[in-house]
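The structure under discussion appears below in the form of structure tokens.
The values are calculated or read from the model by the stated rules, or taken from the named source; none is laboratory data. Keep in mind it's a predicted model, so treat the numbers as computed, not measured. Every residue, glycine among them, receives a Cβ derived from its backbone with ideal geometry; neighbour counts consider all protein chains shown. Only protein heavy atoms, including side chains, enter the accessible area calculation; ligands, DNA and RNA are left aside. Shrake-Rupley method; radii C 1.70, N 1.55, O 1.52, S 1.80 Å.
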Amino acid sequence: MKQIVIIFVWGIKVMQRDRVEAILHLLRAAYPGARSRLNFRNPFELLVAAILSAQTTDDQVNKVTGELFRRYPTPEVLAAADPEEVAACIKSLGLYRTKAAHLVAACRTLVREYGGRVPDKLEDLLRLPGVGRKVANVVLSNAFGRDVIAVDTHVFRVANRLGLARAGDVRETERQLMAALPPGSRGEAHHLLIYHGREVCRARNPRCRDCTLRSYCREAGGLPE
């Protein structure tokens, strides 16, 4: 009896693994070369852009970071800046005053505690003002090549619709995705899920008829509730 149970559990795991691989295969075919849309040249610029991206599109962030990085090219320069002057530079973004304060405070922490270098550990990144798990994981994945997944609203929505996760919050969704996704695929999966969430699997009026993943999707009736 014990052997039967083990074989049954193993079979379920194999089916789940095959299902995840099939979803990733379809996403790769739909969005070849999916990558971050934020413009950055180094970990510092990515950290700044990721902090600015909260409740703002990547395109809007890219419109201000060119001038921002010209004025404040290093953590040391931004740490010494007047937050009001930084705010004026990013005024077109939502929550610009709060974001400006976070940027200056984060850079002061970088200079004071990390020698002006962006740390490559989650716990250190989370100590920086304006940095939550999503921003930290974006930096770890895109700047340092770590095999982690950042969960934003797109990733949360699409992952749960596809059954890659069954969670009510982003933290649990992240935990389940880390367990479900094959090692080495998590950073790529982050971008693929975001692209799919923007293009097809929208929060309102998802384009289910155009979706090649509808047979795997709870929203489109491909999965039981």
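Each residue in region 134-155 was checked for being under 14 Å from I194 (Cβ atoms), open to solvent by less than 60 Å² (accessible area, probe 1.4 Å) and assigned to a helix (DSSP H, G or I), and 6 pass. If you go through region 30-76 and pick out every residue that is more than 19 Å from A136 (Cβ to Cβ) and in contact with a Gly (Cβ under 9 Å, 6 or more places away or on another chain), you end up with 4.
Taking the condition assigned to a helix (DSSP H, G or I), buried (at least 18 other Cβ atoms within 10 Å of the Cβ) and either in contact with a strand residue (DSSP E or B) (Cβ under 8 Å, 6 or more places away or on another chain) or charged (D, E, K, R) (or both), does E45 pass? When the stated conditions are applied, E45 passes them. Checking each residue in region 156-179 for being open to solvent by 50 Å² or more (accessible area, probe 1.4 Å) and not β-branched (V, I, T) picks out F156, R166, G168, D169, R171, E172, R175, M178, A179. Given the structure, is H190 within 27 Å of L47 (Cβ to Cβ), open to solvent by 30 Å² or more (accessible area, probe 1.4 Å) and in a helix (DSSP H, G or I)? Criteria not met by H190.
Right, S53: among the hydroxyl-bearing types (S, T, Y) and surrounded by 15 or more Cβ atoms within 10 Å (Cβ to Cβ) or not? Taking the combined requirement at face value, the residue satisfies it. Selection of region 176-215 for residues being more than 20 Å from the chain's Cα centre (by Cα) and either free of Cβ contacts under 8 Å to residues at least 60 places away in the same chain or over 28 Å from R146 (Cα atoms) (or both) yields R204, N205, P206, R207, C208, R209, D210, C211, T212, R214, S215. Region 65-133 holds helices (runs of 4 or more DSSP H) entirely within its bounds, and those carrying 2 or more residues that are more than 19 Å from the chain's Cα centre (by Cα) and in contact (Cβ under 8 Å) with a residue 12 or more places away in the chain map to 75-79, 83-89, 96-114.
Working carefully through the options R17, R28, find the one that is surrounded by 10 or more Cβ atoms within 10 Å (Cβ to Cβ), assigned to a helix (DSSP H, G or I) and at pLDDT below 95. Lay out the reasoning, then the answer.
Values: R28 fails: at pLDDT below 95.
Just a single option satisfies the conditions, and that option is R17.
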